[in-house]
Structure formats: C-alpha cells, structure tokens
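Working notes, beginning with the structure itself.
The values are calculated or read from the model by the stated rules, or taken from the named source; none is laboratory data. Please read all numbers here as calculations on a predicted model, not as lab measurements. Neighbour counts are summed over all protein chains in view; Cβ atoms, including those assigned to glycine, are modelled from backbone coordinates with ideal geometry.
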Amino acid sequence: MKNIATIALVTLREAARRKILWTALLAGALLLGIFAIALRLQVVEFQSRAMSPFVRYQVEAGMLMIGLYTCDLLAVVLTILTSIDTLAGEISSGTIQAIATKPISRSQLLMGKFIGFVGMIVVYVVITFNATIAVAYSVTGVLPEHPLHGLLLIIFECIIALSLTFMFGTWFSTLTNGVIVLGLQAVAFMGGWLEQVSGFSQSGHIVTLGIVSSLINPSESLWRRAAYEMQTPLAGSLSFSPFANVSIPSSTAVIYAGVYLCVVLGIAIYHFDARDL
Amino acid sequence: MSPSSEYAIETHNLRKVFGSHVAVRGLSLSVPRGEIFGFLGPNGAGKSTSIKMLLGLVHPTSGDSFVLGAASGDVEIRRRIGFLPEDFRFYDWLTATELVQLHGRLSGMTNEKLRKRVPEVIELVGLSQHEDRRVKGFSKGMLQRIGLAQAIVHEPDIVFLDEPTSGLDPMGRLMVRDILRAERDRGATVFLNSHLLSEIEVTCDRVAFIKNGEVVETRDLNAVVADEVRVVVDAHNVSQQAVAGLVRWAERIDVDRERLRFSIRSRDVLPDIMRHLVASGADIFGVAQERVSLEQTFVTIMGEDTSL
C-alpha cells in the first residue's frame, strides 16, 4: 500500500508541475468568464422585459446545464490528454524500467498511477464544477437539483475515460492510444445522441444502436444521467440537447459502468503484468 | 533447478524469442557473490535482453534464472537490487534530490535513512551542486551520474549496470570505476554490461563473453593476467624443429620472420624455453613479455566461432 501511495503522490506531483493541468484550469476559468458574461446578459435582458419567473427560472437552469456540460467536456478531454502518455510513453521511452525493477508489483504500479490521476481529476472537477455553480448562483440565484449526484457522475465519467487510456496504453503507443480513446469518446457521444433521437423517432433500430454504443463506452450515458439528476424535470424536457430527458440512463446503466470500469482495469493490469517492458 | 547460495546470479538455458527472432538462445551463467562481473558481447548478442530477464522486465520464453537465490521477477528480492538502465530516463520534472529520494523510498528506505543517505550518494556521484536542479536540464553525463545514484542509494546486494559510462567524460569514468570498486568492497555484487572493453578490463574480476544469446566463455580476469603470458622473442636461425619443440611449454605459437610469439601459462617455464632454443641453434637477441589485452581475448573468442 505504501508503494501505491508513493506512486500516486508522484503522479499527482507530476500533474501539478506540468503545464497541462494549469492550462486546463485556465481554459476552465476562461470559459467560466464567458459563461458569467452570457448569464449576466441574459439576466439583464430578462429584466428589460416582463418575463414570467417560472419561464425565467427554467431558461436560467438550462443555461446552468450548458455551463456544467462544458465543464464535463473539459474534464474528459483533460483526463484523456494527461493520461494517454503515462504508461504508453514510459514504456516506449524505457522510463518505466527503473521503476518496474523496484519492489513494487506491476499491478501496484499501475494502480498507483491510476489513483494519482483520479486525485488530479477529482481536484479539477470539484474546482470547475463548483465554480460553475457558484457563478450561476451569484448571477441568477439558480442552483442545480442534486449537485452531489451530478459531481460524482461526472467524476465517474472521467474515470471511465481514464481506465480506457490505461488499458490501451499497455498495448499501444501514446498517439495510437489517444486516437483510440478519443474515437471511443466519439462513439459514446454518438450513442447518446442516437438514444435522444430514438426518443422522438421511436425507431427500435436506432435505440439498439444507441444502446450498443453506450455499452462500448458508457461514459456519455453517465453525463446524461448526471444531467437528469441536476436539472429541473421541465428544463430537461424543453429542448433536444445533450441534457434532455428524452432517454434517461437507468441505475442499471450506472452499475454497468461500474462493472465496465472493473473489467477494463482488470484487463489493463493483466496485460501490463504479462507484457515485456 | 534450485539456486545455490554461492552465486548472486544463476541462469540455466534461459531463452527469449520475440516472434521469429531468437534474442537469447540458451543463457547459462553463474555469477559469484561479491565480484564485479562483466558481460561482454557484440551488438545484438542479447546482453540487454538477458539483463531484463534477470530483473523480471522481460518474461523468458523458457529456462530458469535466479537473483540472490530468488526467482527473477520476485518482487520482495528487488529491495536488494539496484539497476541503472541503458540510456537512463526518468521523470525530468523532479529535482536530483527528489529523484533519488523517490527511488530510495520505493526500495523501502525510511525517511530517516533517506535524509542521511541521499545527500551522501549525490555527493558521491559529484552532483552536490545540482541537487536542487530539475533533471530536465541535465546533460547525458549528469543523467548517468544521477542514474547511478538511484541504483546504489539503498545499498543493494547486487547492482546491475547497463552501459554505465556511456556519456561520461574520463573523470566521470574514473568516478564510476571507484564507485563500483567501493560497492564490491562493501560486499555487493556488480553486474556490468559495457561495450568498453578497456573499462571491463580494469574494473571487472570476471567476464562472460556472450554471442548469439549464449555464453561462449567465462574468464577470471585476474587469472588471465597472472597465468597467460604472451612472449615475443627476437631470434635468428630458429629451425622448424625448434618451433615444434616449444609445444611442451607454450601454445598459440606464431613465427613471423625473425620474431617468435607464443603464450605460456607461467613465467617459470621461460628459462627452459630459452635453453631449448639456444640448444637447437637459435641466436636470441631479445625477449619481451606482452600481456594479452581483453580486446585480443575478445577477438580470439568471438573469432573461434565461424558464424561470427
């Protein structure tokens, strides 16, 4: 356990000393600034005309969801970009050799790195998620319905993406790993939209296709579940968007994502242990 | 196969195949404890793959190997192993001190020990002035030095060094030589893979010559110096009969015009050889001794195999 903690801490320290985390935080701050301005403009516009408080609340809650969706996307991209190189790059450069010959098993080494990245993701998501809510609340007074559920689901979504970069990182080079995992994110994104479309078109085939996509990569379904948890029921039904309540992933989908994570991590550990370094 | 306590490393028919390429054909090796052991061979002979198998980085296709009595790859025994990989690379965002601390911590050192030992070992490799600098700005030579520091920080019982002097200037090489001798004097075994024959010659106690993934010969370098003496005799009128008679004392006899070269196992036989040559009518103008360099030995051994 001590060695896992050592590797996790060094991974966290690596994230703090490299520019990417700070760049991502800066990008988050920039988007938050734009978000705050947009919200403010919206509020001023609402004040200039007679607007029903109910409609006003629904629109502002919808805008909060846009902010949180941006926060979610940034977190997933940060997760993938920071972690694609950690195993793949260290294996190809030979950096891992000096560490893998220490009294630490390969599964401990992998889990230490994984936990370190999870720590970084949690810090990033907690900061950007809460900052988004704080900005929205200070400008509009609107709060999400179940913010803790939403926060945990977004973190979970990032962890799914992280597990994929770790698994493919034990097989492929950094670049190939990145292409595969970003491709899988695209599959998940498409799956989410297909399920939304199916809610309108009632096409069984599209539903099946959407479900299969979500089974291949369940990360997007976690976002849709998070959106469902955080928004007002009416706001969810107002629009055709990545946070509409047309097709809500069930609790089974969340459980499936948990099983998926365990399987992917298991494969990553098995293959990392079996391969030559 | 069960390991012997006499040896720090034992391998038996260790074999590694990558696809259709046989990297190590059947490595059988015994490295006595407390020696500096050189591992020599031409490029592609399978030296690095062999080291990686000994350390558990590469899984052997077949065969057995033991390090300090434990099967290669055993996690716990690694507390007693140090390793400097070829082209040492590490997290370059760490400072020199942090890097050595991390390796020491992973090897099981306590914070108290780290506080004392890390500055010591950084000074030993001549990087005290750079201890708080990030490794990112280090030259190749400095990386080799910090790599060596991380390999010995926990005072291991065996140290594997893969080309430790590449990138080092002459002073750096001298430093590495002194450190390796100090490690041996402390009781550690040093397994040195180097392409620098002169480096191996002056540093190692024993050397294994590896070719095509097999050990073709192991030599005690101290014994080579003491026992095998190459002699050059300046002589006229040396008959064929006189040359033939030399085989009683000498081997690898070459005659080149008026110069006679041969190898003997002991200087004690030289007077008998001289008497034999004079008695057979040769006029002797000079006798000189030349040591067989490791380079010559290397060429001789590698040349014996016609597949080279």
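A few comments on the model shown:
- Residue check, B:Glu112 of a type in the set (D, E, K, R) and either within 28 Å of B:Val31 (Cβ to Cβ) or touching a Leu at 6+ places or on another chain (Cβ under 9 Å) (or both): no
- Take the conditions (1) more than 17 Å from B:Ile158 (Cβ to Cβ); (2) touching a strand residue (DSSP E or B) at 6+ places or on another chain (Cβ under 9 Å); (3) in contact (Cβ under 8 Å) with a residue 40 or more places away in the chain; B:Gly44 misses just one of them, which is (3).
- Out of A:Ile20, A:Ile4, A:Ile34, sole residue that is modelled with pLDDT of 85 or more and within 13 Å of chain B (Cβ to nearest Cβ): A:Ile4
- Residue count for region A:1-60, restricted to those that are within 23 Å of A:Val122 (Cβ to Cβ) and in a loop (DSSP other than H, G, I, E, B): 2
- Out of B:Gly172, B:Gly167, B:Gly147, sole residue that is over 13 Å from the mean Cα position of the chain (by Cα) and in a loop (DSSP other than H, G, I, E, B): B:Gly167
- Contact annotation: residue pairs with Cβ atoms under 6 Å, 6 or more positions apart or on different chains, pairing a residue in region A:15-32 that is free of Cβ contacts under 8 Å to residues at least 60 places away in the same chain with a partner that is surrounded by 15 or more Cβ atoms within 10 Å (Cβ to Cβ), are A:Arg17/B:Trp93; A:Leu31/A:Thr70.
- Scanning region B:135-148 for residues that are out of contact with any helix residue (DSSP H, G or I) (no Cβ under 8 Å at 6 or more places or on another chain) and in contact (Cβ under 8 Å) with a residue 40 or more places away in the chain yields one hit, B:Lys136.
- Count of residues meeting criterion [assigned to a loop (DSSP other than H, G, I, E, B) and exposed (fewer than 14 other Cβ atoms within 10 Å of the Cβ)] in region B:115-143: 2
- Residue selected from region A:70-97 under the condition surrounded by 23 or more Cβ atoms within 10 Å (Cβ to Cβ) and of a type in the set (S, T, N, Q), by the criterion nearest to the other protein chains (Cβ to nearest Cβ): A:Gln97
- Qualifying residue in region B:175-193 (condition: over 17 Å from the mean Cα position of the chain (by Cα) and at pLDDT below 90): no
- Flag for B:Ala188 being hydrophobic (A, V, I, L, M, F, W, C), in contact (Cβ under 8 Å) with a residue 24 or more places away in the chain and farther than 21 Å from B:Ile36 by Cβ: no
- Among the residues examined, B:Met175 qualifies as farther than 20 Å from B:Lys52 by Cβ, of a type in the set (A, V, I, L, M) and in contact (Cβ under 8 Å) with a residue 24 or more places away in the chain.
- The single condition among (1) more than 14 Å from every other protein chain (Cβ to nearest Cβ); (2) farther than 27 Å from B:Thr49 by Cα; (3) touching a Ser or Thr at 6+ places or on another chain (Cβ under 6 Å) that B:Glu112 does not satisfy is (3).
- Criterion violated by A:Val122 - all others in (1) away from chain B (no Cβ under 14 Å); (2) aliphatic (A, V, I, L, M); (3) over 22 Å from A:Leu164 (Cβ atoms) satisfied: (3)
Table: residues versus (1) assigned to a strand (DSSP E or B); (2) modelled with pLDDT of 90 or more.
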residue: B:Val202; (1), (2): no, no
residue: B:Ile210; (1), (2): yes, no
residue: B:Thr218; (1), (2): yes, no
residue: B:Val224; (1), (2): no, no
residue: B:Ala235; (1), (2): yes, yes
residue: B:Gly245; (1), (2): no, yes
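- Hits in region A:99-119 (condition: in contact with a Phe, Trp or Tyr (Cβ under 6 Å, 6 or more places away or on another chain) and within 12 Å of chain B (Cβ to nearest Cβ)): A:Thr101, A:Arg106
- In region B:96-122, the residues that are modelled with pLDDT under 95 and of a type in the set (Ser, Thr, Tyr): B:Ser107, B:Thr110
- Taken across region B:88-105, residues that are buried (at least 17 other Cβ atoms within 10 Å of the Cβ), touching a residue at least 60 places away in the same chain (Cβ under 8 Å) and of a type in the set (A, V, I, L, M) do not occur at all.
- B:Ile81 falls short on exactly one of the conditions (1) in contact (Cβ under 8 Å) with a residue 24 or more places away in the chain; (2) touching a Pro at 6+ places or on another chain (Cβ under 6 Å); (3) surrounded by fewer than 19 Cβ atoms within 10 Å (Cβ to Cβ), and that condition is (3).
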